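Only one structure is covered here, and it is reproduced in the block below.
Any read-out appearing in this document is the output of simple, stated calculations on the displayed coordinates, not a laboratory observation. Computed from a predicted structure; not experimentally measured. As a convention, Cβ positions derive from the backbone with ideal geometry for all residues, glycine included, and neighbour counts pool all protein chains shown.
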Amino acid sequence: MTITYSIISGNLPEGTLLNENGDLFGSLSFDLPDSPQWTVSQSSFNYDEFDAVSITFNIVPNSNTNIPIESVSIISGNLPWGVVLNSTVGTITGSVLNLIPSPAIADSITPTPTWVTPSSNLGTFDEFQSASVTVAATPGSGPSVTYGLQSGLLPWGLTLNPVTGVFSGVISSLIPSPAIIDEPAAKPTWNTASGSLGTFNEDTVVNISVSASPAPGTNLVAYGVVGELPWGAILNNNTGAITGTLAAVTTTTTYNFQINVVDDKRTAASRSFSITVNNV
């Protein structure tokens, strides 16, 4: 009588497999952090109105991956009006604009400036497109007006000229959110549909194949079963073939199991299957 081994419940550590001979093999997989490392020692900066600003953020790739720094972006908050972030080199430069009084203070001044440009969408632009949009208002009690953002964010790459009211610059590339950045690598793709792989009589010789395709730039390493194959059937870890002579059963039995396929990037994809063995 041949003894075969399989996992009845639970899961092996990621990257390991159990074959029919009872051998546990593979490489333990650990999720290594791949985020860049900040080397900035100073966390706050103080400037007066009209001061020139030049700040460089030093960032190095994570030592585990050494993936080059692609871009730097502001996830939340606002830069002072008049300064911009260069997303390619990680510098903040410009001149701090004069502070704009809050609406509560501005509304107490009579007469107040009057907008010429109506409230509306100022335009739609593509990434990397050069833009120039002008807004205008007539002075109130003073001889001229100064423009400044009260709230919100300009598209990265654009600045507002406080004297002319011109928004200008080149629209920077859109930065994906952290949730998108942290998406795992592409997994192998199953070719065999999930579900039943067939119904067979006991004592029947079976030869069933399941297959998957690797993600671009990867190679499949092994197939592994999680759960219980019919007694007498074994999974070939290299080819995905399920072969053997099905053992006798006391009653018609459906065996439910999962097969994991692992690539050389230690990324796995699972699919659920079943095989039914008839008692005859």
What order do you get for 132-140, 228-236 when each peptide is scored by the mean count of other beta carbon atoms within 10 Å, highest first?
-> 228-236, 132-140
Cα→Cβ-extended label distance, 7 Å offset, between S209 and S168, nm = 6.6 nm
Along Cα→Cβ, 7 Å out, is where each label goes; now give me the distance between the ones at T199 and W38 in nm to one decimal.
-> 6.3 nm
Quick one: Debye curve from the alpha-carbon atoms of the stretch 177-280 only, equal weights, vacuum; give me log10 I(q)/I(0) at q = 0.14, 0.18, 0.24 Å⁻¹ to two decimals.
-> -0.57, -0.82, -1.22
Give the peptides 249-257, 206-214 in descending order of average Cβ contacts within 10 Å, highest first.
-> 206-214, 249-257
On the formula 1/(1 + (r/R0)^6), with r taken between the Cβ atoms of T117 and N58 and R0 of 45 Å, the FRET efficiency rounded to 0.05 is 0.65
Would you calculate the separation in nanometres between label points at T251 and Y47, each defined as 7 Å from the Cα along the Cα-to-beta-carbon direction?
-> 7.9 nm
Please list 45-56, 187-198, 261-272, 114-125 highest first by mean number of surrounding beta-carbon atoms within 10 Å per residue.
-> 261-272, 187-198, 45-56, 114-125
